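Novice: Take this structure first; my questions come after.
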Amino acid sequence: MNSRTLSEYRKLRFQSIDDCVEEVQRIVRAEREGRLHATGNWTAGQILSHLSAWIEYAYTGYPLKSPPFFVRWILRLGLKKMLDRGMPRGMRIPGIQNGTTGMDDMPTQAAGDRFLAALARLSSAEETKFDSPAFGALSHEDRIRLNLRHAELHLGYLNY
């Protein structure tokens, strides 16, 4: 399925981690009530697990190498636009099986708990140990904004 052209995609915008937390709570509740419907290629558990993993990688290490310098340079040039406008749908990391990492197939409740814990860690004063392989060193504010844009992208495939 081409996730770039799905008509059931929800356009989300989070101004804060609290906004994202509230959306995750609504998603988990909708799943419990049998109202949740995933419109893309992944389950809700895979989406929430993936979002968790990408926050956790900054503290535990990324499972992939940095792309070549010229690719990082291009990505870095596009960072401000991405932070302001959001991430494009349907992008894949070249050379990585399934185009990305971290989408463990978990029950929605467990994956939601994991993502909420990752968001709490992101909002804390804990310093990250690893720079983004794509964007390099990020300020704490930009790291939060990047993860909120990432959450908007993927949570938009979950309807309730």
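Values quoted throughout were computed directly from the atomic coordinates according to the rules given, and no laboratory measurement underlies them. None of the values given here were measured: they were computed from a predicted structure. Please note: Cβ atoms are built from the backbone with ideal geometry, for glycine as well, and neighbour counts cover all protein chains shown.
Novice: Rg (Å, one decimal) plus Dmax (Å, integer) for the alpha carbons of region 69-112?
Specialist: Computed over the Cα atoms of region 69-112, radius of gyration and Dmax are 14.2, 40 Å.
Novice: Something else now. Hey, for a label at R72 modelled as a point 7 Å past Cα toward Cβ, could you say which residues of region 132-160 have their backbone N under 16 Å away?
Specialist: Zone members listed by number: 132-139.
Novice: From the phi angles alone, apply the Karplus equation (6.51, -1.76, 1.60; θ = phi - 60°) to region 54-68 and give each ³J(HN,Hα) in whole Hz, x where the residue is Gly or Pro.
Specialist: Rounded to whole hertz, the list is 5, 6, 4, 4, 5, 9, 10, x, 8, x, 9, 7, 5, x, x.
Novice: Taking a temperature of 20 °C and a viscosity of 1.002 mPa s, what whole-number D in µm²/s does Stokes-Einstein yield for region 33-119 with Rh from Kirkwood over alpha carbon pairs?
Specialist: Diffusion coefficient, whole number: 146 µm²/s.
Novice: Percent of Cα-Cα pairs per 5 Å bin, from 0 to the last occupied bin, for region 1-154, please list those.
Specialist: 2, 9, 17, 23, 23, 16, 7, 2, 0, 0
Novice: Set the Förster radius R0 to 22 Å, insert the Cβ-Cβ distance between E22 and M87 as r into 1/(1 + (r/R0)^6), and round the FRET efficiency to 0.05.
Specialist: Computed FRET efficiency for E22 and M87 comes out at 0.60.
Novice: If you place +1 on the Cβ of every Lys and Arg, -1 on the Cβ of every Asp and Glu, and leave all else neutral, what size is the dipole of region 1-71 about its Cα centre, to the nearest 20 Debye? Mind dumping the intermediate values first?
Specialist: Values: 9 positive and 8 negative charges, 49 e Å.
Dipole size: approximately 240 debye.
Novice: Mind checking region 1-74 for chymotrypsin sites (Phe, Trp or Tyr not before Pro) that DSSP puts in a loop (not H, G, I, E or B) and that have at most 15 other Cβ atoms within 10 Å? Spell out each step's value before the answer.
Specialist: Details: sites: Y9, F14, W42, W54, Y57, Y59, F69, F70, W73; in loops: Y9, F14, W42.
The qualifying sites: there are none.
Novice: OK, next. Between Y160 and I96, take the C-beta separation as r, use R0 = 25 Å, and let me know the FRET efficiency to the nearest 0.05. Intermediate results must be reported in sequence, preceding the final value.
Specialist: Working: r = 30 Å, r/R0 = 1.20.
Efficiency computed from Cβ-Cβ geometry: 0.25.
Novice: Just subtract the alpha-carbon distance of R13 and K65 from 0.36 nm times their residue separation and send over the number in nm, one decimal. Each step should come with its number before you reach the end.
Specialist: On the way: separation 52, 0.36 × 52 = 18.72 nm, distance 2.97 nm.
Full-extension gain reported as 15.8 nm.
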